[in-house]
Amino acid sequence: MKKLYLIDGNSIFYRAFFALPHFHTKAGELTNAIYGFTATLLHFLLEHEPDYIGVVFDKGKKTFRHQEYKEYKATRPPAPDELYAQMPKTKEIVDAFHIPLFEEDNYEADDIIGALARKAEHEKNLHIYVISSDRDVLQLVSDKISVIMPKKGFSEFEEYTPESTKKHFGLTPEQIPDYKALAGDPSDNIKGIKGIGEQTAKKLLEEYGSLDNIYKNIDKIEGAVKTKLIENEEGAHFSKYLATLATNWPVKFSLDSCAVTNFDSAKVKELFEKLEFKSLLARFEKFKQKQQPSLF
């Protein structure tokens, strides 16, 4: 079976910036986010040998969620300038590998990944792997879509299937937006229902399956939980809307454009040397040796 890897560039890039020491080149250029992203990219190219690959980034603008809910993600502190300064070089590396980069106005990176994955899901003999540290993408998991998350550093990862998602989080992939509708998500400033915590949310979903079914069976629920559900029904549905990835929109996607081919070896080497990525350069040379000469 062929393999498509979709890398959530924003989540890997951000994780690298905050997880790695702030090391610099001799010229004083900060490179930790670039390094972490590139190490992740090389890991999957070298160890997983994808047939197709794409990278997704935010455009950094307000999305449809901000338009409908001005306080969306309002509790997050702004990212430091030192992080944004590393983005252009990161995109240069993606370009040097001749990997398509997907960005869209009005959508977040995980929305774009969702739309791409759902579209690719219709391809025959293809499995899609989403590389991300953002748990929101777990709602995409299916028999044809796996999510791979960093576990430790930039070389250890854990793959989530429908079965392992349920086992690890106590939720099916489809229940993740319903869970956030009930318990909220402080990282995105999604309110949920005040007073319904994680355990109550999971208990309700275990018994009734979905948010809609909870409200269809509201008369079977008793006490304070019932009162909170009734008083916050509109807010719960809005929270679910905010938490659900937008996958049903006409994203531009061609599987052939994501084929692993024609890397610019000289450009990659030049960038790695300029950024002083000696260890990554050695891994890149190893990767080159595994590929057919026609790719370079």
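All of the numbers you see were taken from the coordinates with simple rules; none came from a lab. Only a predicted model underlies this, so the values are computations on that prediction, with no experimental measurement involved. For neighbour counting, all protein chains shown are included, and Cβ atoms are generated from backbone atoms with ideal geometry for every residue, glycine included.
Here is how the numbers come out for the structure above:
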| read-out | value |
| --- | --- |
| For the range 141-296, average projected area of the Cα convex hull in nm² | 13.5 |
| About the Cα centre, charge dipole magnitude for the chain (Lys/Arg +1, Asp/Glu -1 at Cβ), debye | 400 |
| Across LYS61/LYS91; LYS216/LYS240; LYS152/LYS191; LYS119/LYS252; LYS191/LYS228, pairs whose alpha-carbon gap is larger than 21 Å | LYS152/LYS191 |
| Most mobile listed residue (LYS269, LYS194, LYS59) in the chain, GNM with C-alpha springs under 10 Å | LYS194 |
| Cα-derived Rg over Rh, computed across the range 173-243 with Rh taken as Kirkwood radius | 0.92 |
| For GLU104, distant residues with modelled amide H under 5 Å away | LYS59 |
| GLU207 paired with GLU71, simple spin-label distance in nm, labels 7 Å along Cα-to-beta-carbon | 2.9 |
| In range of the label at GLU158: residues from the range 7-47 whose backbone nitrogen is under 19 Å from the point 7 Å along Cα→Cβ | 8, 11-12, 15-16, 19 |
| Student exercise, the range 173-243 dipole from Lys, Arg, Asp, Glu Cβ charges, in Debye to nearest 20 | 140 |
| Reduced Cα scattering model of the range 127-197, Debye log10 I(q)/I(0), q = 0.12, 0.17, 0.21, 0.24 Å⁻¹ | -0.35, -0.66, -0.91, -1.06 |
| Relative contact order of the range 173-243, defined on C-alpha pairs under 8 angstrom at six or more residues apart (%) | 43 |
| Which of ILE99, ILE221, ILE230, ILE131 has the fewest Cβ neighbours within 10 Å, and the rest in rising order | ILE230, ILE221, ILE99, ILE131 |
| Ranking of ASP143, ASP178, ASP111, ASP185 by count of other Cβ atoms within 10 Å, fewest first | ASP143, ASP185, ASP111, ASP178 |
| The range 220-296: GluC sites (Glu not before Pro) in DSSP loop, at most 12 other beta carbons within 10 Å | GLU222 |
